[in-house]
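S.K.: Before anything else, here's the structure in question.
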Amino acid sequence: MDEKKVIFSGIQPSGELTLGSYFGAIKNWVELSKEYSCYYCIVDMHAITSRQNPAELRRHTLEQLAQYIACGLDPKDNTIFIQSHVSAHAELAWVMNCYAMYGELSRMTQFKDKSAKNEDNINAGLFTYPVLMAADILLYQTDLVPVGEDQKQHVELTRDIAQRFNGVYGEVFRVPQPFIPKVGARIMSLTSPENKMSKSDKDPGGCIYLMQKPEEIMRSFKRAVTDSETVVKYDPENKRGVSNLMTIYASATGKSYSEIEKEFEGKGYGEFKPAVGEAVVERLRPIREEAERLIKDKAYLESVYREGAERAARTAYKTLRKVYKKVGFVEK
Ligand code: TRP
């Protein structure tokens, strides 16, 4: 019997992985894999809720897998897989759709944001996106879901759906909890630090990508928005840009905010900004090199995602079978 608590998380392969997803998610996943039984998914089915170019989606999915591994997620210790490879996700999502309410889905802030931004493609998948996410989580009897602040509402909804279902049929699902990391939970855009760093950022300088060239990374950091003072001080209320750079520097080096303040005492942003860039470049260098090597090793990547899907499927179908039985489907 596996006594370890279960963790499930995922990232959409809708673009390149960003520094935000590394410091905010994957870096913590690596830590968690020592203590928990972890499922890390590449959620390609979620990605198609906005229009994707098929060749790019395929490329991003495989690159994301290579990058997960290059970041230190060992496929032996973690179940790493592609969502569409385990059809139980789609199957449970359908059942869960019948236990999620129109009203509660309409209240999801991400749905409201995304439909405001994509008025020409407010598809039903975008609306039921959180239900598929609930299915992802519930299939594995997950205890903890590491997510950013922006996904907390979806995990709350997952809890509500699970409790509603359990209320009718008995204890079918474990009720999961969101798990929000303390440091680096939110890396903000370098050019508009009031917004989360995001691959959909229109300003290319605002977002750093894991695979980006060192020169480009340095350029973006040198141009990062700060403020009219000159002190390196952690004050996220009044000094958003500088505080964000400090969070990034802290995540890259492991230093505390007070150590960073001391290090740059009496020095201006002209010294601080390239130092942050340098730290990020050095932190990402081995990851980029390893990911570049892995992406060429198609046979290895294939063996990882095949085995991952097989392992995931074993747990997922156990839950799905139970659900089908509970709702009254005839066993096949
Ligand atoms: N919705 C998440 C995001 O955009 C991605 C995701 C899909 C996810 N399924 C999940 C995260 C299950 C955690 C658990 O960030």
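S.K.: Report the calculated FRET efficiency for Glu215 and Glu3 (r = Cβ-Cβ distance, R0 = 51 Å), to the nearest 0.05. Intermediate values should be presented prior to the final figure.
M.R.: On the way: r = 48 Å, r/R0 = 0.95.
That gives a FRET efficiency of 0.60.
S.K.: Of Ser228, Leu294, Tyr102, which is farthest towards the positive pole of the chain's charge dipole, taken about the Cα centre with +1 and -1 on the beta-carbons of Lys, Arg and Asp, Glu respectively?
M.R.: Tyr102
S.K.: Ignoring ligands, DNA and RNA, what percent of the accessible area of the stretch 293-332 is carbon or sulfur (1.4 Å)?
M.R.: Accessible surface attributable to carbon and sulfur in the stretch 293-332 totals 54 percent.
S.K.: Calculate what fraction, in whole %, of the accessible area of the stretch 102-220 sits on carbon and sulfur atoms when a 1.4 Å probe is rolled over the protein chains.
M.R.: Details: 2850 of 5630 Å².
Reported share for carbon and sulfur atoms: 51 percent.
S.K.: Can you give the FRET efficiency to the nearest 0.05 for Arg314 and Tyr234, using r as the Cβ-Cβ distance and R₀ = 45 Å? It would help to have the intermediate numbers written out before the result.
M.R.: Values: r = 46 Å, r/R0 = 1.02.
Once rounded, the FRET efficiency stands at 0.45.
S.K.: If you average 1/r over every pair of different alpha-carbon atoms in the stretch 1-138 and take one over that average, what Kirkwood value in Å do you get? Could you put the intermediate results ahead of the total?
M.R.: On the way: mean 1/r = 0.0624 Å⁻¹.
One decimal place: 16.0 Å for the Kirkwood radius.
S.K.: Might you tell me the accessible area per residue for the stretch 1-97, computed with a 1.4 Å probe and given in Å²? Don't skip to the end; give the middle numbers.
M.R.: Values: 3830 Å² over 97 residues.
Ligands and nucleic acids excluded, the result is 39 Å² per residue.
S.K.: Amide H to amide H, which residues 5 or more places from Phe179 or on other chains are under 5 Å from it, using H placed in the peptide plane?
M.R.: Close amide H contacts, sequence-distant or interchain: Val145, Val147.
S.K.: For Lys34 paired with Ser115, estimate the spin-label separation in nm (one decimal), with each label point 7 Å from Cα along the Cα-to-Cβ line.
M.R.: So the two model labels end up 4.5 nm from each other.
S.K.: When 1/r is averaged over all different Cα pairs and the result inverted, which Kirkwood radius in Å belongs to the stretch 58-173?
M.R.: Values: mean 1/r = 0.0635 Å⁻¹.
Mean inverse Cα-Cα distance, inverted, gives 15.8 Å.
S.K.: Moving to a separate point now. Want the number for Arg285 to Ser84: 0.36 nm per residue separation, take away the alpha-carbon distance, what's left? Can you show the working numbers first?
M.R.: On the way: separation 201, 0.36 × 201 = 72.36 nm, distance 3.07 nm.
Separation in residues times 0.36 nm, less the Cα-Cα distance, equals 69.3 nm.
S.K.: Follow-up. Can you give the translational diffusion coefficient of the stretch 192-241 in µm²/s, computed by Stokes-Einstein from the Kirkwood radius over Cα pairs at 20 °C and 1.002 mPa s? Walk me through the intermediate numbers first.
M.R.: Details: Rh = 12.1 Å.
It diffuses with D of about 176 µm²/s by this estimate.
S.K.: Using Cα atoms only, what is the angle between the long axis of helix 240-253 and the major principal axis of the chain, expressed in degrees (0 to 90) to the nearest 10?
M.R.: So the inclination is approximately 80 degrees.
S.K.: Run the accessible area of the stretch 1-64 with a 1.4 Å probe and give the carbon-and-sulfur part as a rounded percent.
M.R.: On the way: 1390 of 2820 Å².
Answer for the stretch 1-64: carbon and sulfur cover 49 percent of the accessible area.
S.K.: Sticking with this structure for a sec: For helix 88-97, what angle does its Cα long axis make with the longest principal axis of the chain, in degrees from 0 to 90 and rounded to 10?
M.R.: 80
S.K.: Please give the contour-minus-distance gain from Ala124 to Lys296: 0.36 nm per residue of separation, less the Cα-Cα distance, rounded to one decimal in nm. Kindly include the intermediate steps, with their values, before the conclusion.
M.R.: Details: separation 172, 0.36 × 172 = 61.92 nm, distance 3.67 nm.
The span from Ala124 to Lys296 would gain 58.3 nm if fully extended.
S.K.: What ranking do 254-266, 34-46, 51-63, 232-244 get when scored by the average of other Cβ atoms within 10 Å per residue, highest first? Intermediate values should be presented prior to the final figure.
M.R.: On the way: 254-266: 13.8, 34-46: 21.5, 51-63: 15.4, 232-244: 17.7.
Per-residue Cβ counts within 10 Å, averaged per peptide and sorted highest first, yield 34-46, 232-244, 51-63, 254-266.
S.K.: How far is the Cα center of the stretch 155-224 from the Cα center of the stretch 3-49, in Å?
M.R.: Between the Cα centre of the stretch 155-224 and that of the stretch 3-49, the gap is 10 Å.
S.K.: Right, here's the next one. With +1 assigned to the C-beta of every Lys and Arg and -1 to the C-beta of every Asp and Glu, and no other charges, what is the dipole magnitude of the chain about the Cα centre in debye, to the nearest 20?
M.R.: On the way: 47 positive and 46 negative charges, 137 e Å.
Charge dipole, the chain, about its Cα centre: 660 debye, nearest 20.
S.K.: Taking Cα atoms, how many degrees apart are the long axis of helix 54-70 and the longest axis of the chain, rounded to 10 and kept between 0 and 90?
M.R.: Long axis of 54-70 versus the principal axis of the chain: about 70 degrees.
S.K.: A follow-up question, please. What figure in square angstrom, to the nearest 10, would you give for the accessible area of Val327 with a 1.4 Å probe?
M.R.: 40
S.K.: What figure, in Å² to the nearest 10, do you get for the accessible area of Ile295 with a 1.4 Å probe and non-protein molecules left out?
M.R.: Counting only protein heavy atoms, Ile295 exposes about 40 Å² to solvent.
S.K.: So, one more: For the chain, what is the relative contact order in percent, using Cα pairs closer than 8 Å and at least 6 residues apart in sequence? Present the calculation step by step, with values, prior to reporting the outcome.
M.R.: Working: 512 pairs, mean separation 73.3, N = 332.
Relative contact order, the chain: 22 percent.
S.K.: Straight-line reach from Lys76: which lysines fall under 29 Å, measuring Cα to Cα and dropping same-chain residues less than 8 apart?
M.R.: Partners within reach: Lys4, Lys5, Lys27, Lys34, Lys152, Lys182, Lys296, Lys298, Lys318, Lys322.
S.K.: For the stretch 211-276, report the accessible area per residue in Å² (1.4 Å probe, heavy atoms, rounded to an integer).
M.R.: Working: 3520 Å² over 66 residues.
Accessible area per residue: 53 Å².
S.K.: Report the Stokes-Einstein translational diffusion coefficient (µm² s⁻¹, integer) for the chain, Rh taken as the Kirkwood radius over Cα pairs, at 25 °C with viscosity 0.890 mPa s.
M.R.: Numbers: Rh = 21.0 Å.
This corresponds to a translational diffusion coefficient of 117 µm²/s.
S.K.: Another question about this same structure. Compute from the Cα atoms of the stretch 122-218 the Rg and the Dmax, the latter being the longest Cα-Cα distance, and quote both in angstrom.
M.R.: Rg, Dmax (Cα atoms, Å): 17.5, 58.
The values are calculated or read from the model by the stated rules, or taken from the named source; none is laboratory data. Everything quoted here is computed from the prediction, not taken from an experiment. Every residue, glycine among them, receives a Cβ derived from its backbone with ideal geometry; neighbour counts consider all protein chains shown. Areas reflect the complete protein model, heavy atoms only, side chains present, ligands, DNA and RNA absent. Shrake-Rupley method; radii C 1.70, N 1.55, O 1.52, S 1.80 Å.
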